[in-house]
Amino acid sequence: MQTVLGANGQIAEELTRELYRGFTHDIRLVSRNPAEVHDTDRLVKADLTDPEATARAVEGSEIAYLTVGLPMNAQLWERQFPLMMRNVIDACATYGTKLVFFDNTYMYPGTTIPQTESTSFEPNGRKGRVRAQIATMLLDAVSAGSIEAVICRAPEFYGPRKTKSLTNSLVFDRIRAGKRPLVPVSAKTVRSLIWTPDASRAMALIGNVPDAYGQTWHLPVDPHRLTYAEMIQVAEQVTGRRIPYTVLPLAAFRIGDRFVGQMGEVQELLPRYRGDNVFDASKFTTRFPGFTATSYREGITELLG
């Protein structure tokens, strides 16, 4: 049996579909309020901050995928993420369950240096420090031989349905609604965005390849990176209309924080929007040459076509 911890989010739903499609129909979905993706899915209600509930959720699983997402709230992250990771590590160690951890890049430095699996952790804020903490907890457990695990790391999302990200909310969602897109910080720097179904497909693949464990993997992105200006040009071609846009400078996020708390929560990420953001997934593409990442044009066409 394979278990998805933190079911119902966009990544988890796509992961569940991919596991069912290519690897197993014996799937357990775990969250506070899980919902079926397939008729055969087993549903388990659990709060992963509760160690006993986490142990019951993991028991009997060959592989567990930790895909929990929390709202953009630093205090909530500090309180819950380390506790969840501790509980999941302990449960997997108890039952001999392999762990696949879906991670992000918050802990990486906000520089223009290409990000690889060996990039050091240099977080720029509270949420980045939490992500560095929980990734280190897992790496330490693997080094100690407590569990078999793998880290699947993804850059900023864009994608369909429930996908939540700065780019989706400020750019593509607004274009789809007929509103003027708002570009964070700069329209002229290249972005590394991952199409959410690609992230889930790649994670399912990695989780079912035994020699992938004990490592960190950058999940695949379109290597032909575009700037926001170029993405909006593609959107113009897809929609057949001119799309003017507004660039939000750093100051706009600082001022906006006084009125909208969410603006403040993204400030630690903004330095990486000032320059090119290059997320290097060449390790994955070398190991899995048959996997084709969705191009920006394909993704934008699906979102807006």
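Laboratory data are not the source of any read-out in this text; all were calculated from the coordinates shown. If you're wondering where the values come from, they're calculated on a predicted model, not measured in any experiment. As a convention, Cβ positions derive from the backbone with ideal geometry for all residues, glycine included, and neighbour counts pool all protein chains shown.
By other beta-carbon atoms within 10 Å, ranking Val183, Val238, Val171 with the fewest at the front produces Val238, Val183, Val171. Sorted fewest first by neighbouring Cβ atoms within 10 angstrom, Tyr296, Tyr228 come out as Tyr296, Tyr228. The mean sequence distance of close C-alpha pairs (under 8 Å, at least 6 residues apart), as a share of the length of region 2-145, puts its relative contact order at 20 percent.
Close amide H pairs (under 5 Å, H built 1.01 Å from N) link Leu99 with Ala64, Glu148, Ala149, Val150, residues at least 5 positions away or on another chain. Ignoring lysines fewer than eight residues from Lys98 along the same chain, the ones with Cα atoms less than 24 angstrom from its Cα are Lys45, Lys283. Contact order for region 115-247, expressed relative to its length and based on alpha carbon pairs under 8 Å spaced 6+ residues apart, stands at 29 percent. Within straight cross-link reach of Lys179, meaning Cα distance under 26 Å, which lysines are found once same-chain residues fewer than 8 apart are removed? Cross-link targets: Lys162, Lys164, Lys188. In region 22-147, taking the dipole from charged Cβ atoms about the Cα centre, the farthest positive-side position among Gly22, Thr111, Thr49 is held by Thr111.
Rounded if a/c is under 1.5, else prolate if a/b is larger than b/c, else oblate: which is region 132-183, with a ≥ b ≥ c the root eigenvalues of its Cα gyration tensor? Judged from the Cα gyration tensor, region 132-183 comes out prolate (a/c at least 1.5, a/b above b/c).
In percent, rounded to a whole number, the relative contact order of the chain is 19, using alpha-carbon pairs under 8 Å and six or more apart. Under the shape rule built on the C-alpha gyration tensor, where the axes satisfy a ≥ b ≥ c, region 197-305 is oblate, since a/c reaches at least 1.5 while a/b does not exceed b/c. Less than 19 Å from a label point 7 Å out along the Cα-to-Cβ axis of Gln75: which backbone N atoms in region 118-144 qualify, by residue? Only 125-131 fall inside the zone, counting backbone N under 19 Å.
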